[in-house]
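Below: the structure, in structure tokens.
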Amino acid sequence: MADGKQWYNSPEQGPSKRPGGKPQGAARQRKPGAKPQAGAPGNRPAARPQGNKAQRPQGNPYGMKNGAKRPSGAKPVSKHGHVPASKAQQRPQAPANTGKSIIPQMDLTAKSVSGQNKPVNKAPVKKAPVKKHMTPEEKARAKEQRKIEIQAKRKEAMLKEQAKIENHEYKRKNPSQKSAESRAIRNGILGAVAVAAALFVLVFIIHHLYDFLAEKPNFSFVTTGSVEHTIGAKALVVRDETIINSSNTGELVTQITEGSRVAKGQSLAIVVPEDMKSVVQDLRNVQSQISDVQQELILAGGSAEADVIYRNYNKNLSSILDSVRFDAMGGNLSNMSSYGSSVNVILDEREDEMSKINFADERITVLRNDEAVYEAQVEKYASVITADRPGIVSFRLDGKEQVLDYKTFLTLPAKDIKDYINNSVGAISSDLSVEADTPVVRIAQNESQYLSVYLSSNDAGASDFAVGTLHDINVRTEGVAIDNCEVVRCENDANGMLITFRTSRCVEALLDLRTVDIEIVITETNGMRVSVPSLVNIEYAPKGNPCFCVYIDPSANASMDTFGEGAIFNLTILPKEKKDEEGKVVEQQNSSVGGCTVVYREVLSDGGMLVGFSTPNDFSNLKKLDRLYTAGYTASFVDTATGLGIMSEKVKIYDFSGIASVYTNKQGFVEEVRVLVLDNDREFAIIDKIGKSSVPNLNTVIITNPKTVKPGDKVD
């Protein structure tokens, strides 16, 4: 550097100028009066000492290939192939003895602290990306590829522009297309709205339809009734009856209805010979014509009296027609001839009543004359059957009337009676074609009849049907219930027992039956009755021995631990002292029941405790404590295993078939009430309130389908 204003690459080269026309080493011009800035070109500090390492220029100043080492003593080569001077030579030298302090150069590489050298944290040097050197062939291929991509983009842009121009031109030439698109958009929006509205309406309909179809709670008052436990059996029916034979052969024409009561000597039927059948048919035709004319006159209002007669006899015909339908549905056609004869008898009786009425019609007068002629011919040649004793008439015969004699029936061997029970038919049929000297009618007395059954030893014991005991019998097929049937015979064998009942009731109802299915009532419980589906949370007593339950007052301080499940107790009732009117002490006997096994226990809402016991012993006296001990009593419960127990002065004894709850309607809200189940069958249950509760009673409204609600729900 000669004057500090020019930069030379070497002593031999001339000055190098920058693109702006300024020399590279030119100093900045200062404004007049401005203070020199530190580090300015014209005011540089003194050169560094020679020991400091000069900073290497960026790039490859030596012109060496990548990876080659610089030779010893070589100098860096500039871009133009010149070797630059050293850093100390390139910097302009500060004027000597200027009187200004010169900032000494500091070694920034290290700093001595307490005799140790600590490294100075330097900022990381960002390296310039290394450019990949490409061969001429690769450069040509890349250039060709870029050219192809540019052409493709230009072509795509031209196609889009062309499509846009064509679409615009099409819309210009077809203005309706825009309207169609608008309509399509509008219709799409409207369709979406319509679908949403339809879905809303569908949800609304489904919700209300479900609410409409959902089962609603049903209500009913608690009623009184009974529950019966019965044994089913097939019974043989034996009556006190006699038979009447026919003296001629022919067709039987009845003159009285089946089951009618007759007096001795009354005409019952006639037997028409075979050669008189045509006359009988003519008589029937004339009677039919008379009936048609009478009905015509009645419909025209010709006779109010005749209308009343028709109505009365139609009731009798309706009952027979109901029997015909019942047998037809069951496939039983054996009684049709008997039903037919009964219908003919009713029609004959109706015609007799109608013949007494004067219709004042010429047609009826002529037909009546013809009827009288045919009747006279039939009576002349037909034989008449009359009653030889008073009683109930039946034209149905099965041939066992003389074998099963009422007077000797009780002395028949049990084996023979058992065979009759198993082999006899149910309903007795009739035959209108009769032979000479054969039975055609029977007359039964209505004083009494026998019902014999054979029961298995598993169904009941002989002690339940001791001779002289009374039992109720239901005949459901006939719709009758026979009360107080007396046991007159009871015999046991290896497999069961033969029982014969005697009754004076319903003889007419069973007149056309030889055997019938009956139900023998074993036990019957009366009280407040509800349907079994009305009960919830029900727990039945175990099968086996009879059960009873005891309600123990809260004052006894009974707990669940006192009555363990399965524990056996002895229950003793100790009566309190009782005096008569004279003040003398009346002696009273204790009542006790042993072997009482705990089968159920529950603490009720009032604090009392309900304990259910099962025992094979008789506990009937426990249900009569209030009547037996009017002065009061104390109940003692002693555990047979531990000898411990409790005593209570207030107990209530009930029959026990189970315990359950009913849902009641209490001021519009569902309330659960615990009830005692005294007895039950498949359809009904007899219930009672427990302890101090006042419900249920006959004014209590219960919900008969409790699955539709839960306690606390609001109901209408």
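The values are calculated or read from the model by the stated rules, or taken from the named source; none is laboratory data. Owing to the predicted nature of the structure, the values given are computational and were not obtained by experimental measurement. Cβ: placed from backbone, ideal geometry, glycine included. Neighbour counts: every protein chain shown.
Output the number of residues of segment 668-688 satisfying the condition of being outside any loop (DSSP other than H, G, I, E, B) and more than 29 Å from CYS547 (Cβ to Cβ).
Number satisfying all stated conditions: 2.
Among the residues of segment 201-216, is there at least one that is touching a residue at least 40 places away in the same chain (Cβ under 8 Å), surrounded by 10 or more Cβ atoms within 10 Å (Cβ to Cβ), in contact with a strand residue (DSSP E or B) (Cβ under 8 Å, 6 or more places away or on another chain) and not assigned by TED's automatic domain parsing to the domain that holds GLU508?
no
Could we say that ASP322 is assigned by TED's automatic domain parsing to the domain that holds ALA509 and without any contact (Cβ under 8 Å) to a residue 12 or more places away in the chain here?
No: the conditions fail for ASP322.
Residue-wise test of (1) touching a helix residue (DSSP H, G or I) at 6+ places or on another chain (Cβ under 9 Å); (2) without any contact (Cβ under 8 Å) to a residue 40 or more places away in the chain.
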position	(1), (2)
TYR654	yes, no
GLN667	no, yes
VAL673	no, yes
LEU678	no, no
ASP681	yes, no
ASP688	no, no
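Taking the conditions exactly as written (closer than 25 Å to LYS650 by Cα, among the hydroxyl-bearing types (Ser, Thr, Tyr) and part of a loop (DSSP other than H, G, I, E, B)), does THR562 satisfy them or not?
Yes: the conditions hold for THR562.
Any residue at all in segment 286-295 that is outside the structural domain of VAL475 (by TED's automatic domain parsing) and in contact with a strand residue (DSSP E or B) (Cβ under 6 Å, 6 or more places away or on another chain)?
no
For segment 192-203, does any single residue satisfy the condition of being modelled with pLDDT of 85 or more, assigned to a strand (DSSP E or B) and not acidic (Asp, Glu)?
no
Which residues, counting only those in segment 689-716, are among the hydroxyl-bearing types (Ser, Thr, Tyr), part of a loop (DSSP other than H, G, I, E, B) and out of contact with any strand residue (DSSP E or B) (no Cβ under 6 Å at 6 or more places or on another chain)?
Scanning segment 689-716 gives SER693, SER694.
Residue by residue, here is whether (1) loosely packed, with under 15 Cβ neighbours inside 10 Å; (2) at pLDDT below 95 holds:
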{"residue": "VAL662", "(1), (2)": "no, no"}
{"residue": "VAL677", "(1), (2)": "no, no"}
{"residue": "ILE690", "(1), (2)": "no, yes"}
{"residue": "LEU698", "(1), (2)": "yes, yes"}
{"residue": "ASN705", "(1), (2)": "no, yes"}
{"residue": "VAL709", "(1), (2)": "no, yes"}
{"residue": "ASP713", "(1), (2)": "yes, yes"}
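Is it the case that segment 330-348 has a residue that's at pLDDT 75 or above and among the acidic types (Asp, Glu)?
For segment 330-348, residues at pLDDT 75 or above and among the acidic types (Asp, Glu): absent.
Which residue pairs have Cβ atoms under 6 Å apart, sit 6 or more places apart or on different chains, and have a first residue in segment 405-421 that is without any contact (Cβ under 8 Å) to a residue 60 or more places away in the chain and a second that is of a type outside the set (Ser, Thr, Tyr) and part of a helix (DSSP H, G or I)?
Hits for this filter: zero, empty list.
Of everything in segment 633-667, what is assigned to a loop (DSSP other than H, G, I, E, B) and touching a Gly at 6+ places or on another chain (Cβ under 6 Å)? Give them in sequence order.
PHE656
With the checklist (1) under 43 Å from the mean Cα position of the chain (by Cα); (2) farther than 24 Å from GLY340 by Cα in hand, flag the one item GLU486 doesn't pass.
Status for GLU486: all satisfied but (1).
Can you name the condition, by its number, that SER657 falls short on among (1) within 17 Å of THR223 (Cα to Cα); (2) surrounded by 17 or more Cβ atoms within 10 Å (Cβ to Cβ); (3) small (Gly, Ala, Ser)?
(1)
In segment 492-511, which residue that is touching a residue at least 24 places away in the same chain (Cβ under 8 Å) and charged (D, E, K, R) is farthest from VAL238 (Cα to Cα)?
ASP493
Working carefully through the options ILE538, ILE518, find the one that is closer than 23 Å to LYS652 by Cα, part of a strand (DSSP E or B) and out of contact with any His (no Cβ under 8 Å at 6 or more places or on another chain).
ILE538
Kindly indicate whether ILE499 is touching a Ser or Thr at 6+ places or on another chain (Cβ under 6 Å) and aliphatic (A, V, I, L, M).
Against the criterion (touching a Ser or Thr at 6+ places or on another chain (Cβ under 6 Å) and aliphatic (A, V, I, L, M)), ILE499 does not qualify.
Can you work out which of the residues in segment 593-623 that are surrounded by fewer than 19 Cβ atoms within 10 Å (Cβ to Cβ) and under 16 Å from LEU574 (Cβ atoms) is modelled with the highest pLDDT?
Per the criteria, the residue is GLY594.
So which residues in segment 544-557 are in a loop (DSSP other than H, G, I, E, B) and more than 19 Å from ASP618 (Cβ to Cβ)?
ASP553, ASN557
State all residues of segment 413-438 that are modelled with pLDDT of 85 or more and either part of a helix (DSSP H, G or I) or surrounded by 17 or more Cβ atoms within 10 Å (Cβ to Cβ) (or both); if no residue qualifies, say none.
Correct list: ALA414, LYS415, ASP416, ILE417, LYS418, ASP419, TYR420, ILE421, ASN422, ASN423, SER424.
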